[in-house]
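Undergrad: Okay, handing you the structure first.
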Amino acid sequence: MGLAYRADIDGLRAIAVVAVVLFHGHIPPFRGGFVGVDVFFVLSGFLITSILRRDMEAEAFSLVDFYDRRVRRIFPALFVMLAGVTALAAFILLPRQMMDYAGSLIPSALFYANIHFQQALNYFGPDADEVPLLHVWSLAVEEQFYIVFPLLLFGFLRMGGRKAAAGGLMALALGSLLFAEYYLGSAP
């Protein structure tokens, strides 16, 4: 059983898509592509948390079923996209570019493209527009969330119920924010 349809969430998704498309279209003054991705992350987090909480509180949660639904929803489109981009890359890219592309295929398919691209290039640099699978970084982040978050939420709920879950997740969020601030502050 899914959640009830929410027109407000579809509206926010539309705004996020427009922000991303305008950003990638280099249409001034729209520079909100990253904001659009952030909106998707927040919506995804809200929806997944709602589903998980409902299932866990009803004692109907199955980690296998949850992961199965994620795989069925994401893998078909991901693999069609990877096949299509690979076919185009074979005709468009130069040999060196094709080697770089090939090196990004496995990280993209296994949901660690964000880590791969963070190590391989400057995401905000001028060459980033020429990386065919760079857009998969956000999917990798979302999938990493899907892998880790249900385990955390389940563990916190089992340890002490809703208060423990809320407290534990707040502590993790604060710790993550402090780490990001430290990391950004120490970056060259």
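The values are calculated or read from the model by the stated rules, or taken from the named source; none is laboratory data. Fair warning: this is a prediction, and the values are worked out from it, not measured in the lab. We place every Cβ from the backbone using ideal geometry, glycine too, and count neighbours over all the protein chains shown. Heads up: the accessible areas ignore ligands, DNA and RNA and are worked out on the full protein's heavy atoms, side chains in. Shrake-Rupley method; radii C 1.70, N 1.55, O 1.52, S 1.80 Å.
Undergrad: Can you tell me which of 53, 31 is among the charged types (D, E, K, R) and assigned to a helix (DSSP H, G or I)?
TA: 53
Undergrad: Please go through the stretch 160-188 and pick out each residue that is closer than 26 Å to residue 70 by Cα and exposed (fewer than 11 other Cβ atoms within 10 Å of the Cβ).
TA: Selection gives 170, 173, 176.
Undergrad: Same structure, new question: Here is a list of conditions, (1) closer than 20 Å to residue 74 by Cα; (2) at pLDDT below 90; (3) assigned to a helix (DSSP H, G or I), and residue 142 meets all of them except one; can you say which number that is?
TA: (2)
Undergrad: Step by step: first the residues of the stretch 148-159, then only those that are touching a residue at least 60 places away in the same chain (Cβ under 8 Å) and open to solvent by less than 90 Å² (accessible area, probe 1.4 Å), then the one that is nearest to residue 97 (Cα to Cα). Which residue is that?
TA: Our first condition is that a residue be touching a residue at least 60 places away in the same chain (Cβ under 8 Å); within the stretch 148-159, this holds for 149-151, 153-154, 157.
Those still in the list that are open to solvent by less than 90 Å² (accessible area, probe 1.4 Å) too: 149-150, 153-154, 157.
Values: 149: 35, 150: 38, 153: 41, 154: 43, 157: 47 Å.
Top of the filtered list is 149.
Undergrad: Only one residue in 45, 36 is out of contact with any Gly (no Cβ under 7 Å at 6 or more places or on another chain), open to solvent by less than 70 Å² (accessible area, probe 1.4 Å) and at pLDDT below 85, so which one is that? First the steps, then the outcome.
TA: Numbers: 45 fails: at pLDDT below 85.
None of the other options fit; the residue is 36.
Undergrad: Further question: Scan the stretch 108-117 for residues that are out of contact with any Pro (no Cβ under 9 Å at 6 or more places or on another chain) and surrounded by 12 or more Cβ atoms within 10 Å (Cβ to Cβ) and report the count. Even if it seems obvious, please write down each step before you answer.
TA: Here is the first cut: in the stretch 108-117, the ones out of contact with any Pro (no Cβ under 9 Å at 6 or more places or on another chain) are 108-112.
In the following step, the residues that additionally are surrounded by 12 or more Cβ atoms within 10 Å (Cβ to Cβ) were identified as 108-109, 111-112.
So the count comes out to 4.
Undergrad: So residue 123 clears everything in (1) within 18 Å of the chain's Cα centre (by Cα); (2) part of a helix (DSSP H, G or I) except one condition, right? Which one?
TA: Every condition holds for residue 123 apart from (2).
Undergrad: Scanning for something surrounded by fewer than 16 Cβ atoms within 10 Å (Cβ to Cβ) and at pLDDT 90 or above, does the stretch 122-139 turn up at least one residue?
TA: No.
Undergrad: Related question: Can you pull out every residue in the stretch 87-97 that is free of Cβ contacts under 8 Å to residues at least 40 places away in the same chain, in a helix (DSSP H, G or I) and either under 15 Å from residue 128 (Cα atoms) or open to solvent by less than 40 Å² (accessible area, probe 1.4 Å) (or both)?
TA: 97
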